[in-house]
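See below for the structure under consideration.
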Amino acid sequence: MTDLQSTYVTALKNTHALELQALQAMERQVERLERYPQMKAILEAHIEETKHQRDRLATALDGQGSSPSSVKEGALGIAGNLAAIFHAPAQDEILKNLYADHALENYEIAAYRSLIAIAERAGDTASVTAFRQSLAEEESMAARVAAQIEPVTATYLELTLSGETASR
Ligand SMILES: [Fe+2]
């Protein structure tokens, strides 16, 4: 039988690993977005938010007498698969990254809602407050990414149709 605390610690570690993967994916993209300044700014802002989210998870792990574990690349299911998409060089790389960003933020929303439910059950009230802040940031980022779908596609189309590189 697995007890509540170890279940909670596992959820904290998984979410921490997810945030590390998200950070890596965003940092890789941001270097390659010179033709999409608005998307670049959105990602840069969320990179800073994500660092705070990572720290909140580390604090919660500390409170449980644990610490983040190192993650093997690709060991994270959908997040690992998304990270692979983030690298493919192609004319439509920007579109694939956009879809992956959209998926990743919604994946994170699900992860935080689940983590909050477990943290509540574990009675970690301080962390619940912190994770609600992270959840609100993920929801806001998901909306910001969703709002970029049409404008980024329009820029991509314009560049492609005029024979320019639209990939980044
Ligand atoms: Fe996020």
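Check whether at least one residue in region 126-147 is hydroxyl-bearing (Ser, Thr, Tyr), closer than 16 Å to residue 56 by Cα and within 14 Å of the ligand (Cβ to nearest atom), and report yes or no. Yes: region 126-147 contains one or more residues that are hydroxyl-bearing (Ser, Thr, Tyr), closer than 16 Å to residue 56 by Cα and within 14 Å of the ligand (Cβ to nearest atom).
The set of residues in region 22-39 that are among the polar types (S, T, N, Q) and buried (at least 22 other Cβ atoms within 10 Å of the Cβ) contains only 29.
In region 94-113 there is no residue that is in contact with a Ser or Thr (Cβ under 9 Å, 6 or more places away or on another chain), among the hydroxyl-bearing types (Ser, Thr, Tyr), at pLDDT 95 or above and away from the ligand (no atom under 14 Å from the Cβ). For beta carbons closer than 6 Å, sequence separation of 6+ or different chains, a first residue in region 34-50 that is under 13 Å from residue 145 (Cβ atoms) and away from the ligand (no atom under 14 Å from the Cβ) and a second that is aliphatic (A, V, I, L, M) and assigned to a loop (DSSP other than H, G, I, E, B), the qualifying pairs are 39/33; 40/33. Checking 90, 58, 83 one by one, the residue that is part of a helix (DSSP H, G or I) and either within 23 Å of residue 164 (Cβ to Cβ) or at pLDDT 95 or above (or both) is 58 and no other.
The values are calculated or read from the model by the stated rules, or taken from the named source; none is laboratory data. Treat the numbers as computed from the prediction; the structure is a model and nothing was measured. Here the Cβ is made from the backbone with ideal geometry for all residues, glycine too, and neighbour counts use every protein chain on show.
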